[in-house]
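The values are calculated or read from the model by the stated rules, or taken from the named source; none is laboratory data. The structure presented is a predicted model; accordingly, all values stated were derived computationally and were not measured. For neighbour counting, all protein chains shown are included, and Cβ atoms are generated from backbone atoms with ideal geometry for every residue, glycine included.
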Amino acid sequence: MRVHKTIKSMVQKDYFPVVIGQQDHVEVKGIVGDLEDFLVINNMSDLEKIKRAGKRRLGIVSQTTLQVEKAEHLVSKIRNLECVDEVYFVNTICQPTRDRQIAVRDLADQVDIMIVIGGYNSSNTKKLVQVCEEKNIQAYHIESFSQLDEDWFRNKNHVGITAGTSTPEYVINEVHEAILKIAREIEAKPVTH
């Protein structure tokens, strides 16, 4: 709701509305649903849309599940466009999403692999996987403990576990318990050459 109020307030103040996010994402469709004229920007090539629009005062919000660095990078590039006089940006990425991305980035420095738990259609869970990939950490995106593979954990000393914001606590606990069981099984097996 905060995003909708923010973008409407920007329009009332004569800012041209720009949403950073995925054009076909249900949330983005909802944000722009009541707007007559707007732009959705998702990558560097989309900056051409701003140049073609000819709007000099931009009000920018972001999809709440967007990767923090992506939003900040695109806003920085937009601010540097010669065709833009003023940028009013409100970071609308939800705090839990932001916090998880930061935590995963920090945790990735301490682990050999990361297990990311959450729905395959969950945008914020996909972003957590992306953060791991950017840190060159092998990440496995799963929805339940039954998808864990013992081979993932061989010759690994430290495993990180994270989850999307809507992943139920019991699912996270089941995955944690299953990983501990796999670790015990791996330790119990004799090493063969």
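So here's what we get for this one:
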{"quantity": "Members of the stretch 162-177 found to be of a type outside the set (S, T, N, Q) and either touching a Ser or Thr at 6+ places or on another chain (Cβ under 8 Å) or more than 13 Å from residue 144 (Cβ to Cβ) (or both), listed by number", "calculated": "163, 164, 169, 171, 174, 175"}
{"quantity": "Residue count for the stretch 146-159, restricted to those that are loosely packed, with under 11 Cβ neighbours inside 10 Å, part of a helix (DSSP H, G or I) and of a type outside the set (Gly, Ala, Ser)", "calculated": "1"}
{"quantity": "Per-region count, the stretch 1-28, residues in a loop (DSSP other than H, G, I, E, B) and of a type in the set (Ser, Thr, Tyr)", "calculated": "1"}
{"quantity": "Residues (free of Cβ contacts under 8 Å to residues at least 60 places away in the same chain and surrounded by 14 or more Cβ atoms within 10 Å (Cβ to Cβ)) located in the stretch 176-189", "calculated": "176, 178, 182, 183, 186"}
{"quantity": "So residue 117, is it of a type in the set (A, V, I, L, M, F, W, C) and either closer than 18 Å to residue 172 by Cβ or in the same structural domain as residue 22 (by TED's automatic domain parsing) (or both)", "calculated": "yes"}
{"quantity": "Filter pass, residue 131 being under 25 Å from residue 26 (Cβ atoms), among the β-branched types (Val, Ile, Thr), assigned to a helix (DSSP H, G or I) and within 13 Å of the chain's Cα centre (by Cα)", "calculated": "yes"}
{"quantity": "Residues that are of a type in the set (Lys, Arg) and either in contact with a strand residue (DSSP E or B) (Cβ under 9 Å, 6 or more places away or on another chain) or in contact (Cβ under 8 Å) with a residue 12 or more places away in the chain (or both), drawn from the stretch 21-78", "calculated": "49, 51, 55, 56, 57, 70, 77"}
{"quantity": "Complete set of residues in the stretch 169-181 that are farther than 13 Å from residue 142 by Cα and under 29 Å from the mean Cα position of the chain (by Cα)", "calculated": "169, 170, 173, 177, 180"}
{"quantity": "Breaking point among (1) outside any helix (DSSP H, G or I); (2) without any contact (Cβ under 8 Å) to a residue 40 or more places away in the chain, for residue 162", "calculated": "(2)"}
{"quantity": "Leading residue by the ranking (farthest from residue 153 (Cα to Cα)) among those in the stretch 58-114 that are in a helix (DSSP H, G or I), in contact with a helix residue (DSSP H, G or I) (Cβ under 6 Å, 6 or more places away or on another chain) and among the β-branched types (Val, Ile, Thr)", "calculated": "68"}
{"quantity": "Residue satisfying condition, being surrounded by fewer than 19 Cβ atoms within 10 Å (Cβ to Cβ) and under 30 Å from residue 14 (Cβ atoms), within set 173, 91", "calculated": "91"}
